[in-house]
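Accompanying notes for the structure given below.
The values are calculated or read from the model by the stated rules, or taken from the named source; none is laboratory data. For clarity, every value in this text was computed on a predicted model and none was experimentally measured. Methodologically, a virtual Cβ is constructed for each residue, glycine included, from the backbone with ideal geometry; neighbour enumeration extends over all protein chains shown. The protein model used for the area step is the full one, side chains on, heavy atoms only, and it has no ligands, DNA or RNA in it. Shrake-Rupley method; radii C 1.70, N 1.55, O 1.52, S 1.80 Å.
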Amino acid sequence: MRQKKISDFDFIHFVCEYFDKIKTEKINNDDLNFLVYLASKCGIPQFYSMLKNFKINTQLSNLSLLSASALINEANLYTSETSSLHKFQKQILENFSSGYKNRFLLTASTSFGKTHIIYEIIRKMGYTNILLVFPSIALLAENLDRIITNPNYSSLKENYDIHTLSEINEFGIKNIFIYTPERYLSFLENNPDYKFDFIFIDEIYKIDNDFEIDNEVKENERDTAYRLAAYFSVESNSDILLAGPYIEDFQESFLLFLRKYGIKQLDYNHYEIVNKYFYTKQKNRYVCENDFENEIFPVISNKGLQVVEISKSIIQKKQNLIIYVPQRGKRGGTEYYAEKLLADDFFNDYDTSSYLQFLCHLRNRYSSDWIVVKALEHGIGIHHGMVPKYIQKQIIALFNEGKIKILLSTTTITEGVNTTAKYLLITGNKKGNKDLKPFDAKNIAGRAGRFTYHYSGKVIDVSKDFLKTLDSSSDKLRYKNYEKTIDKNEVDIFNTDEDFLTANDKIKKSEIIRKQKELNIPDEILSKYRIVSKMDKLFIYEKFIFLNSENNSLIEETVEQYYSFSTFNIKGFDFIFDLIFPIIKNEDLKALYHKGVHPYYVLTYKMSNYMKKGFFGIVDYNLGKSKSYDESITDAAKFTYNILRYQIVKYLGVFNLIYKYYQSQMKHIVIEKVHGLDKLLRKIEYNAVSDLGRRISDYGVPEKIVDFYETRETNKSKSRRIKSDFDDYENMIFERVNKIIQ
């Protein structure tokens, strides 16, 4: 055998390639014995069981000594009757031991299977209180669904209370909290002394905004939220696992962070469990020199037609395909390529019978004119941040089930979404208007091929520069709180050691402390909504001090009206939005602060429409402004998911906090007795107010289903009317969710 003359990850590559070559050949019992041994020797016994995907009978009629030994070794990789690891996942699991402080940073390829390890660690260690931090609500929902519905994780569902909301009235004996960074920080505001035994933070690279791959939000503040989440996690006494894909190099600042908190790196970046083959243009064809299958794709000068022709050839091979597009929209974006595909007769007469309920739902609730509907009618899915979340989720499910064949996607495909495509076609070397970085390129290329489905993934680069980016030197991950020469933002300066504050940082910090003393506001108030600076909160408090009695009355009346009757007072909210405008940093939100010929801000009208009719209230508003249906849906999604649920809830939350504190001081009552906009904040973040309604919203379901659960306890006749209006698709989703709730 190899006698360690090559690395483990190179050996995996060669073994994987060998299995890929023989998967369509006639295999006898002697061959099977050898293959069992080979898969075991490289540490990935799943390579052998995957042969069943290619209609190969893997049942051994007799065992050789080598294969018997291999099967015994494989048995050691099973953690339960139905759940197994590969050798290198098992190595990570073995790093966790009772009686020790277990703190690790895991960096690995996208095919490695990082998330599965988390649940095996929990199973092994028997932790009592567990925190899992994921970057998005979509990933939160996916992991919630995994725990509740997957039989492999039934022990977690049976032994733990599962929490996704940051306000918790009652804790279980054992608890799992599944949060985004923002929800974790919100939980800490209410439970500052709560102790976790184990904390997992996914996509840890998001502490550095230079590594942020999401191109949908122009001004990104997730790095601050991630740094705060990391800071409060490592400051605790918890076991820690930080994880991320392809983080290969670090600046000294990040290494300082790891050393300070005793975090050891587990580097599995080079362990590609699914081989990758890259096809590039060579003269008049796209070829890959090291792919034994030696596929050839012809070159066409028009890029749009090039994408169509390659797509057709892959579909004819009975394979599905992801097409990476740098941006959404009609100008070289997802909609542009969708229209190019739809213009070709090849995609006509697609059989949609397997998802007709979903298609009819979209036609009736949205419109047949929407490009997402038109594409689905021809077996093509569109996936980007401006498609409503439950529709994104359903499109991915249809794609993975083989019911649709092509998925057009922006960088949203990299946000932990699991897909089953062997082929990935790259149309551009950008994310939005920015050039891709090596980290981005590796993350995107990682979507080609999926472990246990394919031995290899194929990346076809029609962008010209993608492979150059992939092969260039990687950027180094930094942690700005440990850099002495970098000015920090006003949030970070209060979570950074004095040794790493610049002269400017120290001046800013002193000024904020001075201002806080001058206004006599306690830390317990300013420590809430941590991702907004203390100075911004002090600014709002000063605004209240100098308000005249008329404006004070207007605000109080507006708050009381919503608190009592859920009435959205347009005049009052317009004034509130005006008051908070100076602290707003987000450019997309600022752009809604214009009036034109109308008396109130566009923001205020949009909020009013949302409060009346939810997402479709914004669609109607846009259609009334003579926007096309595609434009109306895109704008409604941007407003709902980016601006409303992240930006407005944050800034209105700060307003609400300071308003309640100010009222408590003026009226000499405890802050808990002051009426505020808490109900409104829950409504705009979840489109629900009740605990049950908000949990249902987290699952990612149509609005009508959320509305049903929201009204079930308080207005039974209304909830019956809502349910009677469910279409077939909504009824199907309702039955599925109701089983989970039961």
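Within segment 602-618, how many residues are open to solvent by 30 Å² or more (accessible area, probe 1.4 Å) and free of Cβ contacts under 8 Å to residues at least 60 places away in the same chain?
So the answer is 4.
Limited to segment 619-631, what total is found for residues that are within 24 Å of the chain's Cα centre (by Cα) and of a type outside the set (D, E, K, R)?
So the answer is 0.
Would you mind stating whether residue 664 is assigned to a helix (DSSP H, G or I), closer than 23 Å to residue 564 by Cα, in contact with a helix residue (DSSP H, G or I) (Cβ under 6 Å, 6 or more places away or on another chain) and among the hydroxyl-bearing types (Ser, Thr, Tyr)?
Taking the combined requirement at face value, the residue satisfies it.
Mind counting the residues in segment 229-265 that are of a type in the set (S, T, N, Q) and either assigned to a loop (DSSP other than H, G, I, E, B) or without any contact (Cβ under 8 Å) to a residue 12 or more places away in the chain (or both)?
Residues in segment 229-265 being of a type in the set (S, T, N, Q) and either assigned to a loop (DSSP other than H, G, I, E, B) or without any contact (Cβ under 8 Å) to a residue 12 or more places away in the chain (or both): 4 in total.
Condition (residue is open to solvent by 10 Å² or more (accessible area, probe 1.4 Å) and either at pLDDT 95 or above or farther than 27 Å from residue 243 by Cβ (or both)) applied to segment 378-391: is it met by at least one residue?
yes
Which is farther than 15 Å from residue 242 by Cα, of a type in the set (S, T, N, Q) and out of contact with any Asp or Glu (no Cβ under 8 Å at 6 or more places or on another chain), of 98, 111?
98
Can we say residue 159 is closer than 21 Å to residue 695 by Cα, touching a strand residue (DSSP E or B) at 6+ places or on another chain (Cβ under 6 Å) and of a type outside the set (A, V, I, L, M)?
No.
Mind telling me which of the residues 283, 303 ends up being among the charged types (D, E, K, R) and closer than 20 Å to residue 448 by Cβ?
None of the others qualify; the one that does is 303.
Looking at 720, 736, 645, 694 in this structure, which one is buried (at least 21 other Cβ atoms within 10 Å of the Cβ) and either touching a residue at least 40 places away in the same chain (Cβ under 8 Å) or farther than 22 Å from residue 168 by Cβ (or both)?
Of 720, 736, 645, 694, the one residue that is buried (at least 21 other Cβ atoms within 10 Å of the Cβ) and either touching a residue at least 40 places away in the same chain (Cβ under 8 Å) or farther than 22 Å from residue 168 by Cβ (or both) is 694.
Which count do you get for residues in segment 75-92 that are among the hydrophobic types (A, V, I, L, M, F, W, C) and open to solvent by less than 10 Å² (accessible area, probe 1.4 Å)?
The total comes to 3.
What are the pairs with Cβ atoms under 7 angstrom where one residue, in segment 451-479, is free of Cβ contacts under 8 Å to residues at least 40 places away in the same chain and surrounded by fewer than 17 Cβ atoms within 10 Å (Cβ to Cβ) and the other, located anywhere, is among the polar types (S, T, N, Q) and assigned to a loop (DSSP other than H, G, I, E, B)? Sequence gap at least six, or different chains.
Filtered contacts from segment 451-479: 465/429.
From 169, 191, 152, 175, which residue is out of contact with any helix residue (DSSP H, G or I) (no Cβ under 9 Å at 6 or more places or on another chain) and either at positive phi or open to solvent by 10 Å² or more (accessible area, probe 1.4 Å) (or both)?
191
For segment 342-358, which positions are in contact with a helix residue (DSSP H, G or I) (Cβ under 6 Å, 6 or more places away or on another chain) and either assigned to a helix (DSSP H, G or I) or surrounded by fewer than 14 Cβ atoms within 10 Å (Cβ to Cβ) (or both)?
Matches in segment 342-358: 346, 347, 355, 357, 358.
Which residue, of 403, 422, is touching a His at 6+ places or on another chain (Cβ under 9 Å), open to solvent by 10 Å² or more (accessible area, probe 1.4 Å) and basic (Lys, Arg)?
Going through 403, 422 in turn, the sole match is 422.
What are the pairs with Cβ atoms under 6 angstrom where one residue, in segment 704-716, is closer than 16 Å to residue 729 by Cα and the other, located anywhere, is in a loop (DSSP other than H, G, I, E, B) and open to solvent by less than 40 Å² (accessible area, probe 1.4 Å)? Sequence gap at least six, or different chains.
Within 6 Å, the pairs are 706/687; 706/688.
Sort through 161, 145 and tell me the only one that's surrounded by fewer than 18 Cβ atoms within 10 Å (Cβ to Cβ) and more than 30 Å from residue 439 (Cβ to Cβ).
One residue alone meets the criteria, 161.
Kindly indicate whether residue 486 is free of Cβ contacts under 8 Å to residues at least 40 places away in the same chain, part of a helix (DSSP H, G or I) and touching a Lys or Arg at 6+ places or on another chain (Cβ under 8 Å).
In short, no.
Assess whether residue 105 counts as being in contact (Cβ under 8 Å) with a residue 24 or more places away in the chain, at negative phi, buried (at least 19 other Cβ atoms within 10 Å of the Cβ) and touching a helix residue (DSSP H, G or I) at 6+ places or on another chain (Cβ under 9 Å).
Judged against the criteria, residue 105 is a match.
Out of curiosity, is residue 214 surrounded by fewer than 21 Cβ atoms within 10 Å (Cβ to Cβ), modelled with pLDDT under 95 and under 30 Å from residue 269 (Cα atoms)?
So residue 214 fits the description; yes.
Determine whether segment 655-675 contains at least one residue that is surrounded by 15 or more Cβ atoms within 10 Å (Cβ to Cβ), within 28 Å of the chain's Cα centre (by Cα) and of a type in the set (Ser, Thr, Tyr).
no
Please note which strands (runs of 3 or more DSSP E) are completely contained in segment 117-212 and include at least 3 residues that are touching a Leu at 6+ places or on another chain (Cβ under 8 Å) and touching a residue at least 40 places away in the same chain (Cβ under 8 Å).
Counting at least 3 such residues, we get 175-179, 198-201.
Got at least one residue in segment 568-588 being polar (S, T, N, Q) and open to solvent by 60 Å² or more (accessible area, probe 1.4 Å)?
no
Looking only at segment 559-601, filter to residues that are among the acidic types (Asp, Glu) and touching a residue at least 24 places away in the same chain (Cβ under 8 Å); which one of those is farthest from residue 687 (Cα to Cα)?
Filtering segment 559-601 for residues that are among the acidic types (Asp, Glu) and touching a residue at least 24 places away in the same chain (Cβ under 8 Å), the one farthest from residue 687 (Cα to Cα) comes out as 587.
If residue 374 satisfies all but one of (1) in contact with a Gly (Cβ under 9 Å, 6 or more places away or on another chain); (2) assigned to a helix (DSSP H, G or I); (3) open to solvent by 20 Å² or more (accessible area, probe 1.4 Å); (4) under 23 Å from residue 307 (Cα atoms), what's the number of the condition it fails?
The one condition residue 374 does not meet is (1).
Report yes if some residue within segment 467-486 is in contact with a His (Cβ under 7 Å, 6 or more places away or on another chain) and basic (Lys, Arg); otherwise report no.
Taking every residue of segment 467-486 in turn, none turns out to be in contact with a His (Cβ under 7 Å, 6 or more places away or on another chain) and basic (Lys, Arg).
Is it the case that some residue within segment 14-24 is in contact with a Ser or Thr (Cβ under 9 Å, 6 or more places away or on another chain) and β-branched (Val, Ile, Thr)?
no
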